[in-house]
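The values are calculated or read from the model by the stated rules, or taken from the named source; none is laboratory data. Small disclaimer: the values here were computed from a predicted structure and weren't measured. Here the Cβ is made from the backbone with ideal geometry for all residues, glycine too, and neighbour counts use every protein chain on show. Ligands, DNA and RNA are stripped out before the accessible areas are found, and what is left, the full protein with its side chains, is counted by its heavy atoms. Shrake-Rupley method; radii C 1.70, N 1.55, O 1.52, S 1.80 Å.
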Amino acid sequence: MNGKPIRVLAPEVAARIAAGEVVERPVSVVRELLDNAIDAGSGRIAVEIEGGGIAMIRVVDDGRGIAPGDAELAFERHATSKISEVGDLSGVATLGFRGEALPSIAAAADVDVVTRASDEPMGVQLQVVEGRVSRRRARSAPTGTSMAVLELFARLPARRKFLGSATKETRAIVTLLSHYALAYPSIAFKFVNNSRTGMQTPGDGEPRHAFAAVFGTEVAERMLPVDHQLEEVHVIGLAAPPDVTRGNRSGISVFVNRRWIQSRSLGFVVVDAYKSLLPSGRYPLVSILVDLPLSEVDVNVHPAKAEVRFQDERMVAHAIRQGIALAVGESPPATWDMTPGPGVAAQPALSLRERLMPAAGGSSPSFLPPSGLSAEAQLSQREALPLLRLVGQMAATFIVCEGPDGMYLVDQHAAHERILFDRLMAAPSADPSVQPLLEPALLELEPGLAVTASEYRAELEAVGLALESFGERSFLVRSVPSSMAARDPAGEVRAIIEDLAAGRTKDEGRARAAASIACHSSVRAGMAMASEEMRRLLEDLEATDSPRTCPHGRPTTVQVSRESIERQFGRR
Ligand code: ADP
Ligand code: MG
């Protein structure tokens, strides 16, 4: 038979298997190294990555360092300085406590450590190769620790294959760092991506300054303070007024006892606190710290520390909901001085509102550009619309028509989206439907969105939206498709980039960009339209390749047959 003898796995094999639990992606390594730096009492932490963190991650801190005699031990499984007995687990005050991160990382990549404890004259450098310390030497170094993780999963090609693109991994790391920056305003964070400095926070202890470094000064100025105590639960932080929203939940940041929690239920509570104040599909910007007695929280439930268990989750939810509702309900005027603390990255001194484009032409915008498409409609693929006679508009949203068999309702937004989408996909970038902006609009993006914007630059430009990079996270909108010309370009472009960041496959980049632009420049539901405009919309829809669906696949047209109407009137 082909049976092989059963053996206990060799330690180095076992180490690799277990590594999967803690270290899945570059961002998990960054999180563990950040946690260690924070636990070491650091005031400054620099995170440097190359190639999405796959090629290199280096975290440098100015914390208390590792004593020379302990350096090797730190890489042993379950070696930790943070707890010593089982009882300690019910009151963990540090972020780490399992002693698993460093050995797991060392099993997944080579690590280069330089550390110097504060009471030592010299530092020590260790090179850890294949999970073992291969070289050790004394070295002069500043107090603190530098950990470099090189070529993650190079020895584990199966795992490496499952990593996303460098851009995707970078985005995850930027998101993580943004959240940490918000929760630790007293720490000065610096992020360097492929030798270029990205986000930088002042570390002056002022949450609003940290917030400004992540989301921009304009939004930071408008954030409302949250400070609420319910029994033993204290909720503190910043919540956006309801008109400052995002297209997804990425602007919601919840930390429990300074631990980042990615809990769906708490995220839901945050959104719920705004009740009906938010338009549907929009999410708030909220950054809150929830503090409660250590004994009320069990942190030992998730291998990557992403979740915790509360003694009384309802009380926590209640405190969050009340705290946000109070802050948002009262809306005190923003009278906060935005002078950045020392070391904060310079923000362009521009008033965004001043730079926004006035509506083109000044008069009330007609959202339908001139007709006359070159629709070389492939008749075979096309399920044509029948000839429709305009009857009127309903609920400022649906165009009511009469057709050969009954009543047709056309969703004006979906129909316009289809028209614009086809036009954008057909037009080369030199097409006259591109509208250059006389005065470019300034777009300030948070780091994650800035990555998406750069990533989609070519695709957006191909459909008429030209962005020029302008500082770390700012872009100038140079031109827009003419269908968008009458709108607030910065606001619309931000919404488009949020769309692109939300869910995405790279291979159909241009179509995604076009669909998003079409969505953000088409006539909205709730807009009254003149008969002439509705007639032209119907004509243009009729001329598209797939008049019956919008680019997202939803129907543009619903038919109610004459027969069913007659039946309801008892005529049949
Ligand atoms: P844990 O954080 O759960 O204790 P780790 O494997 O992450 O386990 O780290 C092991 C030990 O190494 C820590 O308990 C700590 O004593 C030490 N250590 C790791 N990183 C640092 C750092 N940046 N500064 C100081 N000490 C560190
Ligand atoms: Mg740790």
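Miscellaneous remarks
- Among residues of the stretch 52-76, those that are open to solvent by less than 30 Å² (accessible area, probe 1.4 Å) and closer than 14 Å to L152 by Cβ, counted: 6
- Which numbered condition G471 fails, given (1) at negative phi; (2) open to solvent by 10 Å² or more (accessible area, probe 1.4 Å): (1)
- Consider the stretch 547-560 and keep the residues that are touching a helix residue (DSSP H, G or I) at 6+ places or on another chain (Cβ under 9 Å) and under 18 Å from I399 (Cβ atoms). The one that is most open to solvent (accessible area, probe 1.4 Å) is R554.
- Failed item, numbered, when G65 is tested on (1) within 11 Å of ligand 1 (Cβ to nearest atom); (2) in contact with a strand residue (DSSP E or B) (Cβ under 6 Å, 6 or more places away or on another chain); (3) farther than 25 Å from S140 by Cα: (3)
- Residue, surrounded by the fewest Cβ atoms within 10 Å (Cβ to Cβ), within the stretch 32-41, restricted to residues that are within 13 Å of ligand 2 (Cβ to nearest atom) and of a type outside the set (D, E): I38
- Yes/no for F153 being among the aromatic types (F, W, Y) and under 24 Å from the mean Cα position of the chain (by Cα): no
- Filter pass, S265 being surrounded by fewer than 23 Cβ atoms within 10 Å (Cβ to Cβ), in a helix (DSSP H, G or I), polar (S, T, N, Q) and modelled with pLDDT under 95: yes
- The numbered conditions (1) surrounded by fewer than 19 Cβ atoms within 10 Å (Cβ to Cβ); (2) small (G, A, S); (3) assigned to a helix (DSSP H, G or I) are all true for S516 except (1).
- Matching entry among K82, K4 (being of a type in the set (K, R), open to solvent by 80 Å² or more (accessible area, probe 1.4 Å) and modelled with pLDDT under 95): K4
- When we screen A220, A188, A213 for residues that are open to solvent by less than 20 Å² (accessible area, probe 1.4 Å) and modelled with pLDDT of 95 or more, the only hit is A188.
- One residue from R160, R136, R64 being within 16 Å of ligand 2 (Cβ to nearest atom) and in contact (Cβ under 8 Å) with a residue 60 or more places away in the chain: R64
- The stretch 523-546: number of residues that are open to solvent by 80 Å² or more (accessible area, probe 1.4 Å), within 12 Å of Q412 (Cα to Cα) and in a helix (DSSP H, G or I): 1
- Within the stretch 481-497, tally of residues that are in contact (Cβ under 8 Å) with a residue 60 or more places away in the chain, under 17 Å from F470 (Cβ atoms) and surrounded by 24 or more Cβ atoms within 10 Å (Cβ to Cβ): 1
Residues are listed down the side, and each one gets a yes or a no for (1) modelled with pLDDT under 90; (2) surrounded by 19 or more Cβ atoms within 10 Å (Cβ to Cβ); (3) among the aliphatic types (A, V, I, L, M); (4) more than 25 Å from T452 (Cα to Cα):
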| site | (1), (2), (3), (4) |
| --- | --- |
| I236 | no, no, yes, yes |
| A240 | no, yes, yes, no |
| D243 | yes, no, no, no |
| I252 | no, yes, yes, no |
| F255 | no, yes, no, yes |
| A273 | no, yes, yes, yes |
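- Enumeration of residues in the stretch 293-320 that are at pLDDT 85 or above and part of a loop (DSSP other than H, G, I, E, B): P293, Q311, D312
- Selection count where residues are under 20 Å from R64 (Cα atoms) and either outside any strand (DSSP E or B) or open to solvent by 10 Å² or more (accessible area, probe 1.4 Å) (or both), scope the stretch 104-123: 9
- Cβ pairs under 6 Å, 6+ apart, first in the stretch 25-41 and touching a residue at least 12 places away in the same chain (Cβ under 8 Å), second near ligand 1 (Cβ under 6 Å from one of its atoms) and of a type in the set (A, V, I, L, M, F, W, C): E32/A101
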